[in-house]
1. Quick one: which helices (runs of 4 or more DSSP H) sit completely within the stretch D:248-345 and have at least 2 residues that are of a type outside the set (Asp, Glu) and within 11 Å of chain A (Cβ to nearest Cβ)?
2. Can you confirm whether D:Glu149 is more than 20 Å from D:His43 (Cα to Cα) and surrounded by fewer than 24 Cβ atoms within 10 Å (Cβ to Cβ)?
3. Suppose we filter D:Ala273, D:Ala196 for residues that are more than 22 Å from the chain's Cα centre (by Cα) and free of Cβ contacts under 8 Å to residues at least 12 places away in the same chain; which single one remains?
4. When both residues are 6+ apart or on different chains and their Cβ atoms are under 9 Å apart, which pairs have a first residue that lies in the stretch B:57-82 and is in contact (Cβ under 8 Å) with a residue 60 or more places away in the chain, and a second that is in a loop (DSSP other than H, G, I, E, B) and polar (S, T, N, Q)?
5. Could you list, in sequence order, all residues of the stretch C:81-106 that are of a type in the set (D, E, K, R) and within 11 Å of chain B (Cβ to nearest Cβ)?
6. When the residues of the stretch A:140-187 are narrowed to those that are touching a Phe, Trp or Tyr at 6+ places or on another chain (Cβ under 7 Å) and among the hydroxyl-bearing types (Ser, Thr, Tyr), which ends up farthest from the other protein chains (Cβ to nearest Cβ)?
7. Answer yes or no as to whether B:Ala207 is within 17 Å of B:His163 (Cα to Cα), crowded, with 20+ Cβ neighbours inside 10 Å and within 14 Å of another protein chain (Cβ to nearest Cβ).
8. Which residue is nearest to the other protein chains (Cβ to nearest Cβ), if the candidates are limited to the stretch A:121-139 and must be in contact (Cβ under 8 Å) with a residue 24 or more places away in the chain and not β-branched (Val, Ile, Thr)?
Amino acid sequence: MRNPLARWPAARQLTGRDRTGRGEAARSQRTIELQPRTHQADRVVQSICPFCAVGCGQRVYVQNEVVTQIEGDPDSPISRGRLCPKGAASRNLVQSPLREYRVRYRRPYGTEWEDLSLERAVDMIADRVITARAEGWQDHDADGRSLNRTLGVASLGGATLDNEENYLIKKLFTALGIVQVENQARI
Amino acid sequence: MTAQTTAEGGYYGRPVLKEPVWKPEVAVYFWLGGLAGISAVLGFAARLSGNDRLARSAWFTAFAALLPCPPLLIVDLGRPERFYNMLRVLKPTSPMSMGTWVLTAFGGVTAAAAAGELLGGIFATLGRVAEGAAALLGLPLATYTAVLLADTSVPVWHHARHHLPFVFAGSATASAGAAGAILTPSQHSRPARLAAIFGALLELGAAFAMERRLGPDARHYHEGAAARPAQAARALTGAGAALMTLGGRRPVAMAAGVLLLAGSLAERFAVLRAGPSSARATADGGTVRG
Amino acid sequence: MAVSSGPPPYPGEVLVQPVAGDEVGFFTDSSICIGCKACEVACKQWNNVPVDDIRYLNSSYDNTGELSANSWRHVSFFEQKRDGGVAWLMNSDVCKHCKHAACLDVCPTGAIFRTEFDTVVVQADVCNGCGYCIPACPFGVLTRREGVVDQPAETHVAQKCTMCYDRLKGGDEPACAQACPTKSIQFGPLPALRERAQRRLDVLHQEGVDSARLYLADQSDNEIGGAGAFFLLLDEPAKYRYPERPITPTKRLGGMWLAAAAAAAVALAGVGAAAASGRR
Amino acid sequence: MGSNMAENHPVGFQWVMEAKLKGAPVIHVDPRFTRTSANASFHVPIRAGSDIAFLGGIVHHILETDSWFKDYVLPYTNAANIVGEKFRDTEDLDGLFSGWDPAKEGYDTASWQFAGMAKANSAPEGQGSAAKAEPSGGLGGGLADAEPERDETLQHPRCVFQLLKRHFSRYTPEMVEELTGVPRERFVQVAELLCANSGRERTSAIVYSVGWTQHTVGVQLIRTAAIIQLLLGNIGRPGGGIMALRGHASIQGSTDIPTLYDLLPGYIPMPHAEDQDLQTYLDGHVKSGGGWARLDSYLISLLKAYWGEAATPENDMNYGRLPRIDKDHSTYRTAIAMLEGNVKGYFLPGENPAVGSANGKLQRAAMAQLDWLVVRDLFLIESATFWQDGPEVAGGQTRPEDCKTEVFFLPAAAHTEKSGSFTNTQRLVQWHHQAIEPPGDCRSELWFYYHLGRVIREKLAAAKDPRDRGILELTWDYGASGPKAEPSAEAVLREINGWDQRGRPLSGFAELKADGSTACGCWIYSGIYADGVNQAARKKPGSEQSWVAPEWAWAWPANRRQLYNRASADPAGNPWSERKRYVWWDAERAEWQGDDVPDFNRTKEPQYQPGEGASGDAALSGDAPFIMQGDGRGWLYAPSAVLDAPLPPHYEPHESPVRNRLYEQEANPMREIYNHPLNPYNEDPEKYPFVMTTYRLTEHHTAGAMSRNVPVLSELQPEFFCEISPELAELRGLEQGGYAAIITARGRIHARVMVTDRIAPLQVAGKTLHQVGLPYHWGQRGLTRGDSANDAFPIVLDPNVHIQEVKAATCDIRAAERPKWP
């Protein structure tokens, strides 16, 4: 397109096949160069939809370390590339404007959230687990049978956690004697 | 009680068509474009007939009416800064595209004509040629706007597609004649007055025929947003035309001219406003017909 | 050339892939639509169509309402009492990509153009928001995108379904068709889709679903010259916000210009006669 | 039934739609006409909470019309077993079975056992000092060593078949109509279709979801379905089965590798206070026959996975480090314990009980009694902000400055920001790969719990208390690496899979040993890392494989895609029909063959009979497909493993406007009631005359965190509404699009009114019964806000699994002003 006139669609109309200016002559440069953004992705990662338990395959497209598209994975024999509205909304989920990216802390009787570093939060939680565990500790029952447990701490987990995550939760809490470990699966 | 508004009103009473989004500026443009276009015709006709005084007022009117047109059109765009894209293509299928080109060309030749008038000499001759070209372009400028509206799916416009150009042509002629009558001393203004009366009769007659053609859809001129301008158009144009027949004296002609100009503007408002009402009334899906 | 994923859901039907130069489109079979709205979301996600207004519409499960610049797919829902029971009809509406497209004809900037896939696309970078296409469309598909601030480049311009033009160029099927869980939305070469739709209709009629009909599958009942998106409906078109007999206003443009010319001639004659009479 | 598959599992529903297009009748039984009903062959409106009556009617129909699959039922089920003479049915005791102990509010199941047998050794009763018996983990039914008496002619009056007949004898079409509101013709049509589409040539599937589990009779409901499917020969066969459509990405995984109080990984029961040492535990739980006979190797391998070198035969494999349970520690019981001030700290990783659990008000009040609360989520959910903007704060009953709870909100990583596996509803373990690094403070649960454990271990490192030995001896090294020190999920998966003494990944649970030479974090998942390969991450395209697609991901156990698929062949090992062939005995190669991995000992011939004293798999004959059952048979009659009935009776929901027409006993006698001022029940049916039920919408996800915070979903269903019939609207003066208050003893919630013919009034017991539908996705936060439907429901639970009854309760409904929330 060295000839500037050739960039003018009206001129292309007169010189090309598209006389009425309703087809190729009317295209803008952007239109001519348009490609699906998925083709510019740095990588495509196979994933699984985080919503219901059908387990539809997803493809996650990443460009410049940003997820640019999540769509159905045609390879999946479960879903054959299809997604429901929730699955199709996965990118909107992980990039929701309402998502929180920082630790929030609310002190007892506080009226507002406060900032807290992640490291400090984990440290404080560890202290509290140790204390609450001790407070609720039950070595034996009334009959002298070993209970080896605490009722001071409880957990209720969602069912969008990975198996590996559940495994660690159960392992850690069991080793700490925490028995009130529950899950959405009960609900 | 239940949600089945679908049974009687199509889909929850939702119109099939979307309402046109054009703002009042567009009605003013339609009016000014018509005024400018037919004024050019009047100016050229007056020139040919040797009525230079009338020709001068008519050309003044054409030029003055033309000036606000581009800004009015640009203001109505969603993206005014892209107005120049109107000249990207030359689309015979798009009345708006054709109209834009006509308006552009009309602007050019009208400016040339004005320059000729001012500069004189050799330029005066060129100005005469430009006047001829402007008069030729003035005709489509005054009528393409009717095609623009007719070339939509809005029933009240599309079904009136053979009448609207006459309404617009009549209205434009009435307004151009009226302007001429106002700006020209009585002894020179008779053609303008006659043109005004002719235009008014054409407008009123065409509008009457249009409503008959529209049948039930004509209700959009009698109720809703278009009703008042439509009434005003009929009344102003009728009164203006009647008064213009007595226009031998200039104050009378001026009063009649003002009435006719107002009537012409009201007509454009009436037609423009009838569109959204008509689009809204397409909920049952059956009223959109060829 | 874009490919369509997944087999058609009907027994005995095979997947037909488009080849270069084919006109492609959508066949939307409302008789197998489950009303999940995956099409709406997949479309929004792919095309970055904004969420403009979160409000309850009081119309069954439909809170989208209609197609617009911010809704390129729209699933309609309506409930009916039928044979003592109840029916709930759902259908995913979309731009029809008319073969004779009024919006495209009237567009003064060339923003709307016909692609190599025979689809109709608005170029958001060209459109100046003149609004002409809005009343031109016989299906009320187009509006201008207003009131959305996060994508300023694409506001105040007309927007509608592009049939995922970029995806088609890259060889991918449109996002809605890919997502559709039941393949109510089927993408492919139009002639094959039309034949498939006819067979599907025959099956439904054999099953006694007399209300089933095809809409826009051929040119007999409309002037749009055939559609790039056609439908199998289970009730009359009006129930789905469709015109019974859609028109293409530009088909009659010649007549309109003639009328304008005649009107201009009358005006010319009138003015000329007036001028001549004034010579006295 | 009990499922709204098109709406809640739309992509799974593609297979139902294709089956329908191929001619399969699809029947939807549901209180509401939903998007599933709209796409079914037909819809059967039913009174919420009357499903057992409906299913019992089908059992009655099958037996009455002799439509049961004799060649299947006789060998594969316990139909011929003879029950002990002390057994009394609900027909004898007006809704109770023999063994009822009013004081314990539970059954002594001794009289439920088969003749000629001791008590089933897995029977859970008598476990410790709990007021009520606890179910025994996930163990299938076990039987004592002796063979029960059988009558292969099925004529013995006390044989299971005859008991079944008698038990359901009054579940006639007329009674079904009385109880469920389903016209008898419609009901018979369903029953006939089901029978016509079952047998050698055809199979039928039953699909359920929480529409069945969320009842005080949830387990019995599913039991009834199991009886139907066993009688019709629809279990273990392609196109058959009972499919639980689960609602969350890895909710199946959450029970397999459980975060549940009563289970260890792989459905191993949590040790009870009675089980003081390993031997006592094993003596109490190991079955002589079937897959559970090897529980010792599963448990000991788990202990080795937990404690590695520290678990030795000398210290009982560290069994003593496991905490013991002695009563219900389920989530609702824990909420009550919180109210009583007995719980100090609470973790909520990805869960929102303030909205998602029954009686939200009680949940919020309970959390307000905690010392501290840790919420991990993508969004600031209602359970994190109840102190700030909960309904009680908005309503002025409490103030933020009065709430003592210290709250930590830690942002979580999304599924795209971490690797790991989800187990879907069909036991398919599918790996999802990390796409990008989690932003900001967002971290995976793996990261959080790993580092929490690491820090706790560091802090306790110097501790001398014996109780800290368990945490300190724990193996806790998962290759945390990278800028964020993220543990490796694959390392965890390797541990779940297990290894032998040389560290070689196990190829399957068959390799597990009870001598401490193998370690395995979850025996049913063993093989998922066979050959050192992450089998869950296999992504061979479905189009390049057989229809079973065995090379896509990995299914437990042993990559078997359909459980008990030995039943797809007849006792002699031949397919029941060519049309329905799936797994069969290949006599030439002397092994089981098929489209799927046989869920059976591959080389056990169909004619095999166990010898005297055989145990484990060897104790099961070659025609016993149900290999996890102690006797290898499908249980029409369940003498153990369920607490509240060996045969399912229809009980009314805890709150019901209708009296039980079948028995004097109104509701499940063992249902769990929590009398607490914050948990009042509707007592007067006159005052609360309507039935209400909760459900989900396609456009939202469960308690809403993952959809109300997502713009493209919020706009699709932007307001909490209730669905009512035009008749009820007329009765109460409610207007389409107006607002209503749903009134219960728990208080009022407000909803937009959707008047629709899709929720028709029913004729039940001669009266018109109105139902109110309530989607439960809304809460006080997000892009679309509204009252939470769960605030209207009380806590009352199924005794077997402690799941709440939110699918049927009573209410009143009145016109109301526009509420403050939306």
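The values are calculated or read from the model by the stated rules, or taken from the named source; none is laboratory data. Predicted, not measured: the structure shown is a model, and the values here were computed from it. So basically every Cβ, Gly included, is an ideal-geometry build from the backbone, and we count neighbours across all protein chains shown.
1. Working: elements: D:251-256, D:278-285, D:295-307, D:331-339.
Ranges flagged: D:251-256, D:295-307, D:331-339.
2. On the way: more than 20 Å from D:His43 (Cα to Cα): yes; surrounded by fewer than 24 Cβ atoms within 10 Å (Cβ to Cβ): yes.
Here the answer is yes, as D:Glu149 does meet what is asked.
3. Numbers: D:Ala273 fails: free of Cβ contacts under 8 Å to residues at least 12 places away in the same chain.
Every option except D:Ala196 fails the conditions.
4. Every condition considered, the pairs that remain are B:Ser57/B:Thr184; B:Ala58/B:Thr184.
5. Within the stretch C:81-106, C:Lys81, C:Asp93, C:Asp105 meet the criteria.
6. It comes out as A:Thr150.
7. When the stated conditions are applied, B:Ala207 passes them.
8. Step by step, filter the stretch A:121-139, then rank; the result is A:Trp137.
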